[in-house]
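No value in this document is a laboratory result; all are computed from the given coordinates. Just so we're clear, the structure is a prediction, and the values are computed from it rather than from any experiment. Here the Cβ is made from the backbone with ideal geometry for all residues, glycine too, and neighbour counts use every protein chain on show.
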Amino acid sequence: MDRRDFIKQASLGLAGAGFIGSSLANMLPAGLTGRKYSSLMAGNMSGRAAPKLETVRIGLIGIGNRGSGAVNRLPRIEGVQITAICDIETDRAEKAKAELDATVHRPRLYSGRADSWKALCDSDDVDLVYICTPWDQHAEQSVYAMEQGKHVGVELPAAKTIDECWQLVETSEKTGQHCMMLGNTCYDFFEMMVMNMAHQGFLGEIVHGEGAYIHDLMDLNFSETYYHDLWRLRENSERNGLLYPPHAIGPMSKLMNINCGDRMDYLVSVSGNDFMMADRARELADENDLWKPFVGKNYRGNMNTTTIRTQKGRTIMIQHDVTSPRPYTRIYLVSGTKGTAQKWPMPARISTSHTGWLDDEAMKELETKYTPEITKRVGDMARQVGGHGGMDTIMDWRLIDCLRNGLPLEIDVYDAALWSAIAPLTEQSVANRSASVDIPDFTRGAWETNKPVMDIQLEQGGTTKII
Ligand SMILES: NC(=O)c1ccc[n+]([C@@H]2O[C@H](COP(=O)([O-])OP(=O)(O)OC[C@H]3O[C@@H](n4cnc5c(N)ncnc54)[C@H](O)[C@@H]3O)[C@@H](O)[C@H]2O)c1
């Protein structure tokens, strides 16, 4: 019996004993941490709540570009206490600590070694480990944190291999700790409005979606200092596929109720050639030896296009291009039997026929009708605090609000595993002349009965303030 069969069997056993699928199973008793639960196994984490935390004590790992944004945003949320920060580069951790020491937060500092983050996860004054390190560390740090009885918020993607994706699922199910991938684009304003329209039937049956991560990172990838130890250049020089799927796939999955009503079945992925990165590496290496290891590498194609088919017969097309000189786009197109929404190129538009897009007045009416409660409640404050126009703050706020109200997290470990798995699956497809590749069902069949948990109308919770 392999690991997956064992888990499946054990889950069935728990289901038989009434632990899974009952409302009781969706609430861990207050005061018991995941670590204490490890021998029992929490089972299906979809829709599962953890005990309420009035104050959420956060330990941050990785205070680079993204982590320093979190250091600014998180203290603006009621009930947050930043108790620990860690970065392998001591000056970064010290700078963040100095900023926080000037406020009500007095974080402990963990630094100096590649594994200093373990001590942060071991400490008993942390409830949530918030991870903003390079991609190849995410799964190991998330698994370790959950095993120490901590919830996890982890940057995109949560894992790099299919095996790591299963490790996340199995650890979350075993410990009962949440593992949320920090999918900020699920909380962007237009995306949430369109989700509301879709769920209320305005777009009819959803037929097809498109998303992308088209973001010119050429200069940043070849900057000597921007990314720690050139981690992002290494990723782009060693793998060929759609390397960064969650921005595109996240909001589409939430809108289509993937993992809770539908599931991704298979994908085909096509990469073109690399037309730019190898040339840039060669040019730079003529001047500076730093770039010599990046000459002659097998860079990912400039453009990758991947198409996914869902079990219910919908299609999702996603693209990835981080070098071509194009304006930023995540496309975000949703096509239904009664209408279409498309965000990029801006301005975002809606249509209900083949004749064209609705005019400004009609758009205003739709906004009035379909702006969800979450935007009404915290949208203005989130815009003030910022973070990609406010969506980062809304995401952080809802994460903390759910933990404080003892609600299930809206992006769960199955989403983290699935959205991350798309990258290695596209690598497999690209390596095999774009052959179709099956997409694992990380819910092990529970997608058929799981209920959607993203609650943009704030039927529950929504009580936390942004300050
Ligand atoms: N959601 C978004 O919109 C968004 C935007 C930017 C970046 N990201 C993601 O955030 C993550 C970090 O990206 P970034 O741009 O901040 O990179 P970065 O290189 O600026 O930051 C990474 C930080 O991790 C630290 N670090 C590396 N190894 C460590 C270790 N073993 N222990 C402790 N600290 C360690 C580095 O010193 C650095 O400060 C990536 O996953 C990236 O994809 C997400």
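Under conditions of 25 °C and 0.890 mPa s, segment 146-269 yields 144 µm² s⁻¹ as its translational diffusion coefficient, taking Rh as the Kirkwood radius over Cα pairs in the Stokes-Einstein equation.
Could you check what % of the DSSP bridge pairs in segment 21-183 are antiparallel, to the nearest 5?
0 percent
Between Gln384 and Arg66, the C-beta separation translates, for a Förster distance of 25 Å, into a calculated FRET efficiency of about 0.80. Distance cut-off 23 Å, Cα to Cα: go down the list Lys95/Lys150; Lys95/Lys118; Lys97/Lys150; Lys343/Lys364 and report the pairs above it. Those over the limit are Lys95/Lys150. This model, with +1 at the C-beta of Lys and Arg and -1 at the C-beta of Asp and Glu, gives the chain a dipole about its Cα centre of some 800 debye.
Could you state the orientation-averaged shadow area of the convex hull built on the Cα atoms of segment 294-368, in nm² to one decimal?
It is 7.9 nm².
Quarter the surface of the alpha carbon convex hull of segment 21-183 and you get the mean projected area, 9.2 square nanometres. As I understand it, the dipole of the chain uses +1 on the Cβ of Lys and Arg and -1 on the Cβ of Asp and Glu, about the Cα centre. Which of Tyr328, Asn432, Gly339 lies farthest toward its positive end? Positive-most Cα among the choices belongs to Gly339. Counted over the chain, the DSSP beta bridges are approximately 45% antiparallel.
Determine, for Ser436, Ser116, Ser46, the number of other Cβ atoms within 10 Å of each Cβ, and report the residues in order from fewest to most.
Numbers: Ser436 14, Ser116 17, Ser46 22.
By the 10 Å Cβ count, ascending, the order reads Ser436, Ser116, Ser46.
Sorting the segments 408-421, 345-358 by their residues' average number of neighbouring beta-carbon atoms within 10 angstrom, most packed first, yields 408-421, 345-358. Each Lys or Arg adds one and each Asp or Glu subtracts one; over the other residues with Cβ under 13 Å from the Cβ of Met192, this totals -1. Taking a sphere under 11 Å around the Cβ of Leu418 and counting the other residues whose Cβ falls inside, with K and R at +1 and D and E at -1, yields a net charge of -2. Normalised by 2.2 N^0.38 Å, where N counts its residues, the alpha-carbon radius of gyration of segment 362-434 equals 1.58. Identify, among Asn450, His138, Ala281, the residue whose Cα sits farthest towards the positive end of the charge dipole of the chain, taking +1 on the Cβ of Lys and Arg and -1 on the Cβ of Asp and Glu, with the dipole about the Cα centre. Comparing the listed Cα positions along the dipole, Asn450 ranks first. Note on segment 207-334: with charges restricted to the Cβ of Lys and Arg (+1) and Asp and Glu (-1), its dipole about the Cα centre is near 740 debye.
Centre-to-centre, using Cα atoms only, segment 261-281 and segment 85-107 are separated by 38 Å. Starting from the alpha-carbon convex hull of the chain, give the projected area averaged over all orientations, in nm². Mean shadow area of the hull around the Cα atoms is 22.4 nm².
Computed per residue of the chain from DSSP H runs no shorter than four, each worth -39500 (n - 2.57), the mean residue ellipticity at 222 nm is -11000 deg cm²/dmol. Compactness ratio for segment 273-401: Cα radius of gyration over 2.2 N^0.38 Å (N = residue count) comes to 1.50. For the chain, the membrane-span-like helices by this rule, meaning whole DSSP H stretches whose C-alpha atoms cover at least 18 Å of axis and whose Kyte-Doolittle mean is 0.5 or above, are 413-431; this says nothing about an actual membrane. Around the amide H of Arg108, modelled in the peptide plane, lie the amide H atoms of Ala84, Ile85, all under 5 Å away and 5 or more residues distant in sequence or on another chain.
Normalising by the residue count of the chain, find the relative contact order in percent from Cα pairs under 8 Å and 6+ residues apart.
Numbers: 1000 pairs, mean separation 96.7, N = 467.
Averaging sequence separation for qualifying contacts and normalising by length gives 21 percent for the chain.
Enumerate the residues in segment 68-94 having an amide nitrogen under 13 Å from the point lying 7 Å beyond the Cα of Lys465 toward its Cβ. From segment 68-94, the list is 76-80. Taking all Cα pairs closer than 8 Å and separated by 6 or more residues, the relative contact order of segment 21-183 comes to 27 percent. Listing Ile439, Ile58 from fewest to most neighbouring C-beta atoms within 10 Å gives Ile439, Ile58.
Taking all Cα pairs closer than 8 Å and separated by 6 or more residues, the relative contact order of segment 149-223 comes to 28 percent.
Ordered by the number of other Cβ atoms lying within 10 Å of each residue's own Cβ, fewest first, Val385, Val378 fall into the sequence Val385, Val378.
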